[in-house]
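Presented below is the structure to which this report refers.
The values are calculated or read from the model by the stated rules, or taken from the named source; none is laboratory data. As the structure is a computational prediction, the values presented were derived from the model and not from experiment. Positions of Cβ are generated from backbone atoms using ideal geometry, with glycine treated the same way; all protein chains shown enter the neighbour counts. Keep in mind that these areas ignore ligands, DNA and RNA; they rest on the heavy atoms of the full protein, side chains included. Shrake-Rupley method; radii C 1.70, N 1.55, O 1.52, S 1.80 Å.
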Amino acid sequence: MEDKLVIQGIEFRSRLWVGTGKYKDFEETKRAIEASGADVVTVAVRRTNITDRNTENLLDYIDPKLYKILPNTAGCYTVEDALRYSRLAREAGVSDLIKLEVIGDDKTLFPDVIGLLEATEILAKEGFIVLPYTNDDPIMAKRLVDAGASAVMPLAAPIGSGLGIRNPYNMKLILEQATVPVIVDAGVGTASDVAVAMELGCDAVLLNTAIAGAKDPIAMAAAMKHGVIAGRLAYKAGRIPKKLYATASSPFDGML
């Protein structure tokens with residue numbers, strides 16, 4: 001409880017953040033989120049109803065009093081679209097937080113980093129707490145922070161790929177220079193992937209497909225919860241250095 005993640009004065013209970021897409025229904029979504037222990041739930045503004053209270057609404061299943069709702073601009077391919085949906089979410093009273101996505105390619109879903117940088121700067125000036133989804137590029141991560149990002153969200157691997165962290169060295173470089181929280185976003189597949197992210201020193205992990213696409217989403221949600229906790233504890237504890245040769249577990253001093 002003493003090791004809290006804080007972004008712009010907002011305290012977060014869990015370092016596992018989860019999405020709401022790809023579940024079979026809202027009831028399964030609710031059960032998976034509860035099992036994950038997450039207190040941040042991200043929702044695609046243009047794909048999920050969170051603004052019209054007169055029809056079935058995700059917020060009927062996810063209590064905004066219990067969870068921090070993080071709107072995202074998934075599916076936006078232009079700066080203009082990303083700005084529009086960010087402002088729509090705030091005007092609807094959802095949140096000043098925004099997970100900012102400006103997608104550049106249909107096949108890889110990699111971000112358009114030029115558009116992302118532009119949108120980050122505009123929204124930060126408008127008072128949004130901007131969390132941009134970006135490549136695992138240390139230079140772009142720094143530029144996003146300079147543009148006003150309150151955290152950076154580098155991908156581990158392409159969205160939904162389940163490949164885990166493909167470039168831990170770039171992630172380490174991002175962490176080394178970071179002056180804001182670093183949240184791994186996209187590409188993890190199982191609990192060991194989130195543990196690796198946390199052991200590297202990342203501040204949180206956001207995921208969706210790895211839980212929603214599992215054979216048993218509820219069990220996987222619980223596994224992810226424990227993976228994040230174990231990885232964070234291991235990072236804080238400090239691992240032993242890697243060595244080429246063996247070192248005896250028991251000292252030889254005093255042996256007859």
Which members of the stretch 191-219 meet the condition of being under 13 Å from W17 (Cα atoms), open to solvent by 10 Å² or more (accessible area, probe 1.4 Å) and in contact with a Gly (Cβ under 6 Å, 6 or more places away or on another chain)?
N208, T209, A210
Of residues in the stretch 7-16 being under 14 Å from the mean Cα position of the chain (by Cα) and of a type in the set (A, V, I, L, M), the one nearest to A237 (Cα to Cα):
L16
What about A222, is it out of contact with any strand residue (DSSP E or B) (no Cβ under 7 Å at 6 or more places or on another chain) and either modelled with pLDDT of 95 or more or surrounded by 22 or more Cβ atoms within 10 Å (Cβ to Cβ) (or both)?
yes
Among the candidates L200, L175, L207, residue that is touching a Lys or Arg at 6+ places or on another chain (Cβ under 9 Å) and touching a residue at least 24 places away in the same chain (Cβ under 8 Å)
L200
Which pairs turn up if I take residues in the stretch 1-20 that are on the phi > 0 side of the Ramachandran plot and look for partners that are in a strand (DSSP E or B) and not charged (D, E, K, R) with beta carbon separation below 6 Å, at least 6 apart in sequence or on another chain?
Q8/I129
Do we find that V188 is within 23 Å of L70 (Cα to Cα), in contact with a Gly (Cβ under 7 Å, 6 or more places away or on another chain), open to solvent by less than 30 Å² (accessible area, probe 1.4 Å) and in contact (Cβ under 8 Å) with a residue 60 or more places away in the chain in this structure?
no
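Would the stretch 208-220 turn up any residue that is among the small types (G, A, S) and within 24 Å of A147 (Cβ to Cβ)?
Quick first cut of the stretch 208-220, residues among the small types (G, A, S) only: 210, 212-214, 219.
Keeping just the survivors that are within 24 Å of A147 (Cβ to Cβ) gives none.
So far as the stretch 208-220 goes, no, none of its residues is among the small types (G, A, S) and within 24 Å of A147 (Cβ to Cβ).
Per-residue answers, yes or no, for (1) surrounded by fewer than 24 Cβ atoms within 10 Å (Cβ to Cβ); (2) free of Cβ contacts under 8 Å to residues at least 60 places away in the same chain; (3) not small (G, A, S):
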{"residue": "V94", "(1), (2), (3)": "yes, yes, yes"}
{"residue": "E101", "(1), (2), (3)": "no, yes, yes"}
{"residue": "P111", "(1), (2), (3)": "no, yes, yes"}
{"residue": "R143", "(1), (2), (3)": "yes, yes, yes"}
{"residue": "A147", "(1), (2), (3)": "yes, yes, no"}
{"residue": "I165", "(1), (2), (3)": "yes, yes, yes"}
